[in-house]
Amino acid sequence: MPVNNLGKTLEQQARTALDRVIDPELRRPITELGMLRSVEVDDAGAARVSVLLTIAGCPLRGTITGDVERELAAVPGITSVDVDLDVMSPEQREELKTLLRGPGGARGIPFSRPDSLTRVYAVASGKGGVGKSTVTVNLAAAMAVSGLRVGVVDADVHGFSVPGLLGITASPTRVDEMILPPVAHGIKTISIGMFLDSNQPVAWRGPMLHRALEQFLTDVYFGDLDVLLLDLPPGTGDIAISVGQLLPSAEILVVTTPQAAAADVAERAGTVAAQTGQKVTGVIENMSWLSLPNGERMELFGSGGGAIVSERLGSVLGYEVPLLGSIPLDVRLREGGDAGLPVVLTESAVQDGTAGGELRRIAQGLARRPRGLAGKSLGVTPRG
Ligand code: ADP
């Protein structure tokens, strides 16, 4: 068997190359996940690889095969690649789940454990149509592009729009009771819409909503996340209360427009969240103005709503609730949403006065805020 100048056989080089094949859903190398059953390279340089998929009919089999072929073809000396796909046995899947969930396959909601380092933001609004979902996905995309590991839960059961805004058409993959969320623009995303027949109206009552959210948070495998964003339904309904119970450490972001009437309902949404013991981190005003060709700002929906909500919430809650930013009306923001490509990904720099620039700036601020360690286990024990 020929060796390279580091003394490695072609087979060893092939294994190293396969470390670079990342499972698209689990976002870890297939070699770590027990998905590489075998790799052989004969004297003529012909490679035969056997890959174990998590489930039969895995929708991403084509992607994985292509990635294996590409990585191996790049190894000098390998002349051909033959990929054989098989499916994990129940025992192998069990091993994988243990690997992912940790010893004992811990169940429950990972983000509500005291030692969780994931920052959870629940995005709330008083009423629909103020741009809450648009803001959520753009903040998520801006954080993901800056290198954070980001997940989004679309909990807006009556108006789920997150998959469309992120251009996701793929369905989640089920590995037994574990659900693997589709990934778009680096964001792991799960939506109630992915579990429903298209365009069927949802007429769920409170307890069902609570169960659905609990199942999302328990069964969906997000892996280690830096930030989880939840797109809440508008108003002060059952889901907000469920979030309070299921994710007590979630912080609330309130989205409102400059309009006085919108500000009133937004304030109520913020106050309810606080009754569940959650912190309101700040207010985001959306649709604040429209830049006219002559450079003037036209205030289509009036002005001051964001500042009013911030001030009133601050006095009700007894701590500062800052206005984190004001986002203008911007055709590109709407177009990005329609195209499934958040505008923050197509505008390269933080630009003042554009919706994308302002959203990036807000995302940077939220990502930078120090994570409070109060009450968190640091995993250290006193010596001796
Ligand atoms: P919500 O989640 O509050 O119901 P959406 O995010 O679905 O609201 O936004 C409602 C509509 O307004 C969408 O068509 C969206 O593209 C558009 N939109 C939201 N914010 C802006 C903005 N700043 N400029 C232009 N269009 C916007």
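For this structure, a couple of remarks:
- Those residues of the stretch 110-136 which are out of contact with any strand residue (DSSP E or B) (no Cβ under 7 Å at 6 or more places or on another chain) and open to solvent by less than 20 Å² (accessible area, probe 1.4 Å), in sequence order: Ser116
- For the condition touching a residue at least 12 places away in the same chain (Cβ under 8 Å), among the β-branched types (Val, Ile, Thr) and surrounded by fewer than 18 Cβ atoms within 10 Å (Cβ to Cβ), Ile64 does not qualify.
- Taken together, Leu324, Leu313, Leu329, Leu317 contain a single residue that is under 22 Å from the mean Cα position of the chain (by Cα), open to solvent by less than 70 Å² (accessible area, probe 1.4 Å) and either touching a residue at least 12 places away in the same chain (Cβ under 8 Å) or farther than 20 Å from Val162 by Cα (or both), which is Leu324.
- Boolean, Val87 is open to solvent by 30 Å² or more (accessible area, probe 1.4 Å) and of a type in the set (A, V, I, L, M, F, W, C): yes
- So Ala349, is it at pLDDT below 90, open to solvent by less than 60 Å² (accessible area, probe 1.4 Å) and not acidic (Asp, Glu): yes
- Matching residues in the stretch 6-46 - criterion: being among the aliphatic types (A, V, I, L, M), more than 18 Å from Thr65 (Cβ to Cβ) and open to solvent by less than 30 Å² (accessible area, probe 1.4 Å): Leu10
- Taking residues in the stretch 163-186 that are under 23 Å from Leu148 (Cα atoms), and partners anywhere that are part of a strand (DSSP E or B) and open to solvent by 60 Å² or more (accessible area, probe 1.4 Å), the pairs with Cβ atoms closer than 9 Å and at least 6 places apart or on different chains are Leu180/Arg174.
- Selection count, the stretch 125-140, where residues are farther than 13 Å from Leu329 by Cα and either touching an Asp or Glu at 6+ places or on another chain (Cβ under 9 Å) or assigned to a helix (DSSP H, G or I) (or both): 9
- Only listed residue being part of a helix (DSSP H, G or I), open to solvent by less than 10 Å² (accessible area, probe 1.4 Å) and more than 16 Å from the ligand (Cβ to nearest atom), chosen from Met194, Met143: Met143
- Number of the exception - Ala263 against (1) more than 19 Å from the chain's Cα centre (by Cα); (2) open to solvent by 10 Å² or more (accessible area, probe 1.4 Å); (3) not basic (Lys, Arg): (2)
- Of the candidates Arg149, Arg101, Arg113, the single residue that is farther than 26 Å from Ala261 by Cα, modelled with pLDDT of 90 or more and more than 15 Å from the ligand (Cβ to nearest atom) is Arg149.
The values are calculated or read from the model by the stated rules, or taken from the named source; none is laboratory data. For clarity, every value in this text was computed on a predicted model and none was experimentally measured. Using ideal geometry, Cβ is built from the backbone for each residue, glycine included, and neighbour counts are taken over all protein chains shown. Just the protein is used for accessible areas: all its heavy atoms, side chains included, with ligands, DNA and RNA removed. Shrake-Rupley method; radii C 1.70, N 1.55, O 1.52, S 1.80 Å.
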